[in-house]
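In what follows, a single structure is set out as structure tokens and then discussed.
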Amino acid sequence: MTSGGTTITLRETPRPSDRDAVRRIVSDSGFFHPSEVDVAVELVDEALARGAEASGYHFVFADDARGVAGYACFGPIAGTESSFDLYWIAVDPERRGLGLGSTLLDASERRIASLGGRRVYVETSSKELYVPTRGFYEARGYVRQAHLPDFYAPGDGKVIYVRELATP
């Protein structure tokens, strides 16, 4: 597969070296606090230690000649029949604008559907910095379902999106 003229390989199984790649990508994005970066790495650690099924953390990594270009992490929502959370989707800042975010989202949705998922939930910030993020989801069929003001901090609300996946 190519994206922006670059050959991309998708894979689902995390590797130990992905810890550093995830830390770099999420940290360099400019969107997340250090504690949030640590959480992103912890999800990789859980999947490495316990496997995707036991940990509940599934991944799609996009690799190019330079290494990990981006990744997504998702998992089933406990207590639901077929709902999944998309926890993370992030692309290396130097590789943005090549369509990798869409590629990762499409691959994640296909994998979620194969796992029996029918609804995907995404949570993001209401801050101005996240206008492009919200636009990304809206352009891909995600519908804003809720806005919880001051959720993360004063002036930083949580916006929740959902998308119904096509049934086979």
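Has region 90-97 got any residue that is within 12 Å of the chain's Cα centre (by Cα), touching a residue at least 60 places away in the same chain (Cβ under 8 Å) and assigned to a strand (DSSP E or B)? If you could, list the steps in order and put the result at the bottom.
Of all residues in region 90-97, those within 12 Å of the chain's Cα centre (by Cα) come to 90-91.
The next check asks that each one be touching a residue at least 60 places away in the same chain (Cβ under 8 Å); those that pass are 90-91.
Imposing the further condition that a residue be assigned to a strand (DSSP E or B) reduces the set to 90-91.
The answer is yes, given that some residue of region 90-97 is within 12 Å of the chain's Cα centre (by Cα), touching a residue at least 60 places away in the same chain (Cβ under 8 Å) and assigned to a strand (DSSP E or B).
So if I check each of F59, F32, which one is more than 18 Å from G97 (Cβ to Cβ) and in contact with a Ser or Thr (Cβ under 9 Å, 6 or more places away or on another chain)? Spell out the reasoning first.
On the way: F32 fails: in contact with a Ser or Thr (Cβ under 9 Å, 6 or more places away or on another chain).
Every option except F59 fails the conditions.
For S17, which of the numbered conditions (1) of a type outside the set (K, R); (2) surrounded by 16 or more Cβ atoms within 10 Å (Cβ to Cβ); (3) more than 12 Å from G70 (Cα to Cα); (4) more than 14 Å from the chain's Cα centre (by Cα) fails to hold?
That leaves (2) as the condition not met.
Does L98 satisfy the criteria of being closer than 26 Å to R24 by Cβ, touching a strand residue (DSSP E or B) at 6+ places or on another chain (Cβ under 6 Å), surrounded by 16 or more Cβ atoms within 10 Å (Cβ to Cβ) and at pLDDT below 95?
Values: closer than 26 Å to R24 by Cβ: yes; touching a strand residue (DSSP E or B) at 6+ places or on another chain (Cβ under 6 Å): yes; surrounded by 16 or more Cβ atoms within 10 Å (Cβ to Cβ): yes; at pLDDT below 95: yes.
When the stated conditions are applied, L98 passes them.
So is G79 over 30 Å from V131 (Cβ atoms) and either touching a strand residue (DSSP E or B) at 6+ places or on another chain (Cβ under 6 Å) or not in a helix (DSSP H, G or I) (or both) or not? Break it down into steps so the answer makes sense when it comes.
Working: over 30 Å from V131 (Cβ atoms): yes; either touching a strand residue (DSSP E or B) at 6+ places or on another chain (Cβ under 6 Å) or not in a helix (DSSP H, G or I) (or both): yes.
Yes.
Search region 23-40 for residues being crowded, with 17+ Cβ neighbours inside 10 Å, of a type in the set (A, V, I, L, M) and free of Cβ contacts under 8 Å to residues at least 60 places away in the same chain, and hand back the single one that is nearest to L86 (Cα to Cα).
Residue satisfying both the conditions and the ranking: A40.
How do the pairs read when you match residues in region 44-67 that are modelled with pLDDT of 95 or more and among the β-branched types (V, I, T) with residues anywhere that are part of a loop (DSSP other than H, G, I, E, B) and surrounded by fewer than 18 Cβ atoms within 10 Å (Cβ to Cβ), using Cβ under 8 Å and keeping only pairs 6 or more apart or on different chains?
Close Cβ pairs satisfying both conditions: V60/E12.
Which pairs do you get when a residue that is free of Cβ contacts under 8 Å to residues at least 40 places away in the same chain, found in region 149-168, comes within reach of a residue that is β-branched (V, I, T), reach meaning Cβ atoms under 7 angstrom, with the pair 6+ apart or on two chains?
V159/T124
The values are calculated or read from the model by the stated rules, or taken from the named source; none is laboratory data. Because the structure is a prediction, the values reported are computed rather than measured. Positions of Cβ are backbone-derived with ideal geometry, glycine not excepted, and every protein chain shown enters the neighbour counts.
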